[in-house]
Amino acid sequence: MEEDPRKAAQIDEIVETELARHWLAEGERLLLGCPPVRAHVGSLVGGRRRAPHVPGRQQLPVVRLGPPRWPLPMADLPGEDWTDDPTLGHWAVADHDGRIAVQLADHLAVSHGEARVVVTDRRIAVVYPANCLAGAPGQEVLTTFEEMEACRLAALDAPFLGRSVPPRSVIAFRFTDGSVLYTRDVHAVMKVRRARERAEAQCASLPAPDRRITAWHCG
């Protein structure tokens, strides 16, 4: 994950440009595109801590990447302090494996940080660079999984977590099924504010019957 604010801003620009060129549908508006976070994923599912997170399902993409050489997360760190462990880039909280946050975390884990979460005015999805997938079509740049309607996102915010000084900024995706996915991002506050501004502008431009995005988007 990128901790240098200047480099993180450059990566953000690249991510947004890539999504606009190769992924967004005609007329679709990007709200938030996460960068790759090359670190472990952790989770607290049904009270059980997994660090690193190991998906419980088999039907996931096969990546053409070797196993990461990152250090393993600390074994005895409480879940609420996960941001104090630099080996963890994401954290999912849910009551069982079928929840949205865990489904997204599964992809972030098996992709070794190459997959990323994207939110638009129409949908939420996990997006992989096609060249890291086994058997991906040669001309495809980005490949989509776990696509769902944008209304499945109940809230988007940027809390500061952990006991470090200063605390770490993260993006919190709060879903309608009660699950939460946290993503470490040095520009979390700016990105969430920008997503809200984009969504509010989109809401203002549409008649009420045509609005596909949820109440948090429209402030």
Task: Pairs where the first residue, in the stretch 171-186, is among the basic types (Lys, Arg) and the second is not in a strand (DSSP E or B), C-beta under 8 Å, 6+ apart - done: Arg184/Met1; Arg184/Val37; Arg184/Ala39; Arg184/Thr83
TODO: Working only within the stretch 27-45, note down all residues that are over 17 Å from Val127 (Cα atoms) and modelled with pLDDT of 95 or more.
DONE: His40, Gly42, Ser43, Leu44, Val45
- [ ] Tell me, please, whether a residue that is part of a loop (DSSP other than H, G, I, E, B), open to solvent by 30 Å² or more (accessible area, probe 1.4 Å) and in contact with a strand residue (DSSP E or B) (Cβ under 7 Å, 6 or more places away or on another chain) can be found in the stretch 19-37.
- [x] yes
Open item on the list: Condition check: crowded, with 17+ Cβ neighbours inside 10 Å, of a type outside the set (A, V, I, L, M, F, W, C) and closer than 24 Å to Glu197 by Cβ. Does Thr143 satisfy that?
Closed with: no
Open item on the list: Residues that are outside any strand (DSSP E or B), polar (S, T, N, Q), surrounded by fewer than 19 Cβ atoms within 10 Å (Cβ to Cβ) and modelled with pLDDT under 95: does the stretch 161-169 have at least one?
Closed with: yes
Task: Residue satisfying all of: in the stretch 61-77; in contact with a helix residue (DSSP H, G or I) (Cβ under 7 Å, 6 or more places away or on another chain) and not hydrophobic (A, V, I, L, M, F, W, C); nearest to His107 (Cα to Cα) among these - done: Pro61
TODO: Name the strands (runs of 3 or more DSSP E) wholly inside the stretch 45-136 in which the number of residues that are open to solvent by 30 Å² or more (accessible area, probe 1.4 Å) and touching a Lys or Arg at 6+ places or on another chain (Cβ under 6 Å) is 3 or more.
DONE: none
Task: Matching entry among Thr176, Thr183 (being touching a strand residue (DSSP E or B) at 6+ places or on another chain (Cβ under 6 Å) and open to solvent by 10 Å² or more (accessible area, probe 1.4 Å)) - done: Thr176
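The values are calculated or read from the model by the stated rules, or taken from the named source; none is laboratory data. What you see is a predicted model, and the numbers here were worked out from it, not measured in a lab. Don't worry about glycine lacking a Cβ; one is built from the backbone with ideal geometry, like all the others, and counts go over all protein chains shown. Heavy atoms of the whole protein, side chains included, go into the accessibility calculation; ligands, DNA and RNA do not. Shrake-Rupley method; radii C 1.70, N 1.55, O 1.52, S 1.80 Å.
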